[in-house]
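For reference, the structure is listed below as structure tokens.
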């Protein structure tokens, strides 16, 4: 006699395996509208315009950060990392009301904004920690 629960379990495990595989893929290149951002160009803009508040590594700990209320966002936090490109581009373009984050839409071109976004995405690196290879049996003890 076949157990219907087994079929359901296989289906659930298959979906979970597919989901895990998709989530493990590297992030696609940043794209918005008609172009793609260039992280190298974005880094130069970031260092010129953003580093004083957001810090060298994007942690919201730049030299101006202690004097700002609210404090600048950590651009490498999980909360920021899960935001869509569209959400982050809107924050870059329009700034954040009631914060020190200015609107850059009148200062940076759309391409420069995409470049900054590409650089921000490059700051966050999700990786699976490597598991060391097992020792040979003669060295295991």
Listed by first then second residue, the pairs whose first member lies in segment 53-75 and is touching a residue at least 60 places away in the same chain (Cβ under 8 Å) and at positive phi, whose partner is in a loop (DSSP other than H, G, I, E, B) and surrounded by 15 or more Cβ atoms within 10 Å (Cβ to Cβ), with beta carbons under 7 Å and at least 6 positions apart or on separate chains, are 58/74; 58/75; 58/76
Of the residues 79, 133, 140, 118, which is at negative phi and either at pLDDT 95 or above or in contact with a helix residue (DSSP H, G or I) (Cβ under 7 Å, 6 or more places away or on another chain) (or both)?
118
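The values are calculated or read from the model by the stated rules, or taken from the named source; none is laboratory data. Just so it is clear, the model here is predicted, and its values are computed rather than measured. Don't worry about glycine lacking a Cβ; one is built from the backbone with ideal geometry, like all the others, and counts go over all protein chains shown.
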